[in-house]
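One structure is given here, and the rest of the page talks about it.
The values are calculated or read from the model by the stated rules, or taken from the named source; none is laboratory data. Since the structure is predicted, the reported quantities are computational estimates derived from the model, not experimental observations. When we count neighbours, we look across all protein chains shown, and the Cβ atoms used for this are built from the backbone with ideal geometry, even at glycine. Protein only, heavy atoms only, side chains kept; ligands, DNA and RNA dropped before computing areas. Shrake-Rupley method; radii C 1.70, N 1.55, O 1.52, S 1.80 Å.
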Amino acid sequence: MASSSTSYESTAESLADEFQRSYHTRPSIFRAPGRVNLIGEHTDYNDGFVMPAAIGFYTWVATSARPDRTLHVHSGEFHETIDLSLDSLAGPPRKHWSDFVRGVAAVLHSRGVQLSGANMIIQGQVPMGAGLSSSASLEVATGLALLAISQAEVPQLELVKICQRAEHEYVGTRCGIMDQFIAVYASSGHALMIDCRSLDYQSLSIPDDARLVICNSMVKHVLASGEYNRRRAECEAGVKVFRMNSPAVHALRDVTMADLANHETELPEVVYRRCRHVISENQRVLDAAKALHASDLNQFGRLMYESHRSLQQDYEVSCTELDLLVEIASSCQGVYGSRMTGGGFGGCTISLVRAHSVEAFQEKVTQAYEEKTGITPDVYVCSAAQGAAAWQ
Ligand code: GLA
């Protein structure tokens, strides 16, 4: 994976060269990272707790101003160039990669930012459809680029919210705030425990002898957006029931396991299980933060396995390939814990692995997964990376 500073430099340089060839000027370059969530899945849109870290895959945006009202945008991954007029950014999702750019520009505009025209080349390194948040990294890098070109500034948290809103309104996924938040605030060597209600966060250092190992099932989460919105609606249906009994309940964050038990019969069975996942997962994040503070990686790992089971059985967002990857991981030496990460329905698992066991782990997972599925998984050994910034 592209994680050393030399490989970042060469990415930036070749991007600048490409830009120079196309537009005869040196660009400004911005980048924002993908992320892996250690624990706290499908809790962010329930005002709950999450614990992501950025990974060393970035989306890069090279840009320079142009004198007209056009965003002339080239995507290196899609080998496609499109023109967006700054005067007609509105409109529903078009199911096209440019929705992310259009969305961020439109929301910035709606917040009063006077946007300038720009040429842009986007180079994405975050695997797409793998649950590693390529979308948020594109939104945040685009946001930084558009702001700089337009000589405008917004506070960091504002940028996070602008990007989230772009995804809701212009892409059509009612995502929580985790991905955009970590893309902006990530700090190298650390995971962040984010309170998605107050938006306070705590940096938690990841012990040196542990590695974050991401296994990509190579199953793309194509159905994810519709299922994602459905899960969110099921949580809201649960909140309605709890609210009838207690108006102080605004989100599943406000509901305890005891409340859930008391109202079990009033909830449809599926909604009951969705709520059970969210309520128990919030507690697991709090417990995982304590475990990390105490450098108790065994306890942290147990919580990861529990989280996976809950996502598999109660929230039903896993799939056979992800379950298999977790099962293989659990049979490997030196693995503290493993779980699916991100929205689900394909994508990746995250395993916490002792540094000296990583090589053997990588070999065993690849071999066993290939044997059972015929698919070769991508395995990325990561350390927690730095958040979005201009490339100097
Ligand atoms: C996606 C969303 C996030 C979060 C996760 C599940 O990545 O973008 O907001 O809800 O799924 O935890």
Checklist outcome for this item: quick note, the chain, DSSP beta bridge pairs, % antiparallel (nearest 5) is 90
Checklist entry - Dipole size in debye (nearest 20) for the stretch 1-111 around its Cα centre, Lys and Arg Cβ +1, Asp and Glu Cβ -1? => result 240
Item to check | Proximal lysines relative to Lys364, as straight alpha-carbon distance under 26 Å, when same-chain residues fewer than 8 apart are discounted | outcome: Lys220, Lys372
Checklist entry - What FRET efficiency comes out for the pair Glu153/Asp209, r = Cβ-Cβ distance, R0 = 45 Å, nearest 0.05? => result 0.65
Checklist outcome for this item: Taking 0.36 nm per residue of separation between Ile82 and Gln367 and subtracting their Cα-Cα distance, the length gained on full extension comes to 98.4 nm
Checklist entry - Which of Arg354, Arg197, Arg111 moves most in a GNM of the chain, Cα contacts under 10 Å? => result Arg111
Checklist entry - What aspartates and glutamates could a cross-link reach from Lys95, if we take a straight Cα to Cα line under 13 Å and drop same-chain neighbours fewer than 8 places away? => result Glu167, Glu169
Checklist entry - To one decimal place, what Kirkwood hydrodynamic radius in Å is obtained for the stretch 210-382 from all pairs of distinct Cα atoms? => result 17.1
Next on the checklist: I'd like the distance between the alpha-carbon centres of the stretch 62-88 and the stretch 98-137, rounded to an integer number of Å.
Outcome noted: 11
Next on the checklist: Taking a virtual spin label 7 Å from the Cα of Glu227 along the C-beta vector, which residues in the stretch 130-160 bring their backbone nitrogen under 15 Å of it?
Outcome noted: 130-132
Checklist entry - Anyone know which of Ala251, Ala289, Ala360 comes out most mobile in the 10 Å Cα GNM of the chain? => result Ala360
Checklist entry - Given only helices, namely DSSP H runs of n ≥ 4 each adding -39500 (n - 2.57), what is the per-residue ellipticity at 222 nm of the chain, to the nearest 500 deg cm²/dmol? => result -13500 deg cm²/dmol
Checklist entry - What does the accessible area of Trp391 come to, in Å² to the nearest 10, when a probe of 1.4 Å is used? => result 70
Next on the checklist: Tell me which of Ser330, Phe242, Asn229 sits at the most positive position along the dipole axis of the stretch 210-382, charges placed on C-beta atoms (Lys, Arg +1; Asp, Glu -1).
Outcome noted: Phe242
Item to check | Taking the C-alpha atoms of the chain, convex hull volume expressed per residue in Å³ | outcome: 137
Item to check | Charge dipole (debye, nearest 20) of the stretch 261-392; +1 at Cβ of Lys and Arg, -1 at Cβ of Asp and Glu | outcome: 340
Checklist entry - Pick from Pro155, Pro33, Pro268: which residue has the top mean-square fluctuation in a GNM of the chain where Cα pairs under 10 Å get a spring? => result Pro155
Next on the checklist: Rounded to the nearest percent, how much of the accessible area of the chain (1.4 Å probe, protein heavy atoms only) is carbon and sulfur?
Outcome noted: 48
Next on the checklist: I'd like to check one number: the per residue accessible area of the stretch 135-200, probe 1.4 Å, reported in Å² as a whole number.
Outcome noted: 33
Item to check | Per-pair calculated FRET efficiency, R0 = 51 Å: Glu236 and Glu13 via Cβ, rounded to 0.05 | outcome: 0.60
Checklist entry - Hey, how many Å between the Cα centroid of the stretch 8-57 and the Cα centroid of the stretch 356-389? => result 20
Checklist entry - Normalised by the residues of the stretch 210-382, what does the relative contact order come to in percent, with Cα pairs under 8 Å and at least six apart? => result 35
Item to check | Whole-angstrom gap from the stretch 287-337 to the stretch 236-272, using each part's C-alpha centre | outcome: 26
Checklist outcome for this item: Probe 1.4 Å, all chains present, heavy atoms only: Met128 accessible area in Å², nearest 10, is 70
Next on the checklist: How much accessible area per residue does the stretch 294-373 have, counting only protein heavy atoms and a probe of 1.4 Å, in square angstrom?
Outcome noted: 41
Item to check | Full-extension gain in nm, Arg309 to Leu199, via 0.36 nm per residue minus C-alpha separation | outcome: 36.9 nm
Item to check | Projected label distance in nm at Ala360 and His293, using a 7 Å step from Cα toward the beta-carbon | outcome: 3.4
Checklist entry - Of Gly117, Val365, Gly48, which is farthest along the charge dipole of the chain in the positive direction, counting Lys and Arg as +1 and Asp and Glu as -1 at C-beta? => result Gly117
